[in-house]
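Following: one structure in structure tokens, then a few remarks.
All of the numbers you see were taken from the coordinates with simple rules; none came from a lab. Predicted model only: the values in this text are computed from it and were never measured. Glycine also receives a Cβ, built like all others from the backbone with ideal geometry; neighbour counts cover every protein chain displayed.
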Amino acid sequence: MSALSVALTTAIGALVGAAARPGIFARSVPAPAAARSSCPHCGGAILDRRLPVLPASGRCPACAEAIGPRPLLPEAAAALAFAAIAVGGASGWFAAAQYWVAACGVALALIDLAVQRLPDVLTLPACGGTLLLLTAAVLAGEPGSLGRAAAAAAALTAVFLLMAFAGAMGLGDVKLAPAIGALLGWSSWTVLFWGAAAGFVVGAVSEVVRMAAGGVRRTHVSFGPYMVIGALAVSVATS
């Protein structure tokens, strides 16, 4: 892909991140709350249902308190993810599936980091959209297997569900697993294995680095971001 195409794709990613900002704010609430539209500090209205726009400054217009996500964080994360996918060279509907997982994944990752939660309103569309785009890839004659993608989605979900029952993972991670499994399984079972394993490796390394820097050992780790990073990294590297 040309440098111009990568630059344009990166810009689109930044716009996607900006569009995700209101949703990230709204859904960054502890369970069982569904969403919020007001400042958690002063109670002032933040999101208008007719035009859900969040201040890019990351601060409440009324009290000037930080309300998250941090300024430019969603934009930068989505831009980086989109740039990496563009450089990876995938094309067609499979590339669209990668971009879709990246777009949903950035929002989910930032919500998970904020409140350790992966809301259904994003995990379910992530799964449905990925399978829909891979179905389009089959109809377009792109190399890959929709049957294997579906089987991989089911297999990874089953593994994560067992881990959730053992207390090693949250149910939100289980609901994100079908999208991750389908994207990786489209290419091969080997890609599924390495993509799933990469999430655990990235998570372990990140936690070791964090504790080495003086962080306190945590009893619960937000695994969603690591799932997305690991899956996309392996999918892009093998596409």
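Before we move on, is V115 out of contact with any helix residue (DSSP H, G or I) (no Cβ under 7 Å at 6 or more places or on another chain) and within 22 Å of A35 (Cβ to Cβ)?
Yes; evaluated as a whole, the condition is true for this residue.
Taking the condition of being in contact (Cβ under 8 Å) with a residue 60 or more places away in the chain and closer than 15 Å to L232 by Cα, how many residues in segment 100-118 meet it?
Here is the first cut: in segment 100-118, the residues in contact (Cβ under 8 Å) with a residue 60 or more places away in the chain are 101-118.
Remaining after also requiring closer than 15 Å to L232 by Cα: 101-109.
Total satisfying the criteria: 9.
Please enumerate the residues belonging to segment 180-190 that are crowded, with 23+ Cβ neighbours inside 10 Å, in a helix (DSSP H, G or I) and over 13 Å from the mean Cα position of the chain (by Cα). If you could, list the steps in order and put the result at the bottom.
Our first condition is that a residue be crowded, with 23+ Cβ neighbours inside 10 Å; within segment 180-190, this holds for 180-186.
Within this subset, residues satisfying the condition of being in a helix (DSSP H, G or I) are 180-185.
Listed by number, the residues that qualify are G181, A182, L184, G185.
Inside segment 158-179, can you point out the residues that are out of contact with any Cys (no Cβ under 9 Å at 6 or more places or on another chain) and part of a helix (DSSP H, G or I)?
Filtering segment 158-179 for residues out of contact with any Cys (no Cβ under 9 Å at 6 or more places or on another chain) gives 158-174.
Listed by number, the residues that qualify are A158, V159, F160, L161, L162, M163, A164, F165, L171, G172, D173, V174.
Looking for whichever is in a helix (DSSP H, G or I) and over 15 Å from the mean Cα position of the chain (by Cα) here; the options are A107, A86, A103, A78. Which one fits?
A86
When you scan segment 95-147, how many residues do you find that are at positive phi and small (G, A, S)?
First, the residues of segment 95-147 that are at positive phi: 116, 141, 144.
Now narrow it down to the ones that are small (G, A, S): 141, 144.
Looking only at that region, the number is 2.
So which of S5, S28 ends up being among the hydroxyl-bearing types (S, T, Y) and either surrounded by fewer than 21 Cβ atoms within 10 Å (Cβ to Cβ) or farther than 30 Å from H220 by Cα (or both)? Step through it out loud before you land on a result.
On the way: S28 fails: either surrounded by fewer than 21 Cβ atoms within 10 Å (Cβ to Cβ) or farther than 30 Å from H220 by Cα (or both).
Testing whether each residue is among the hydroxyl-bearing types (S, T, Y) and either surrounded by fewer than 21 Cβ atoms within 10 Å (Cβ to Cβ) or farther than 30 Å from H220 by Cα (or both) leaves just S5.
Looking only at segment 127-138, decide whether some residue is closer than 17 Å to A231 by Cβ and in contact (Cβ under 8 Å) with a residue 60 or more places away in the chain.
no
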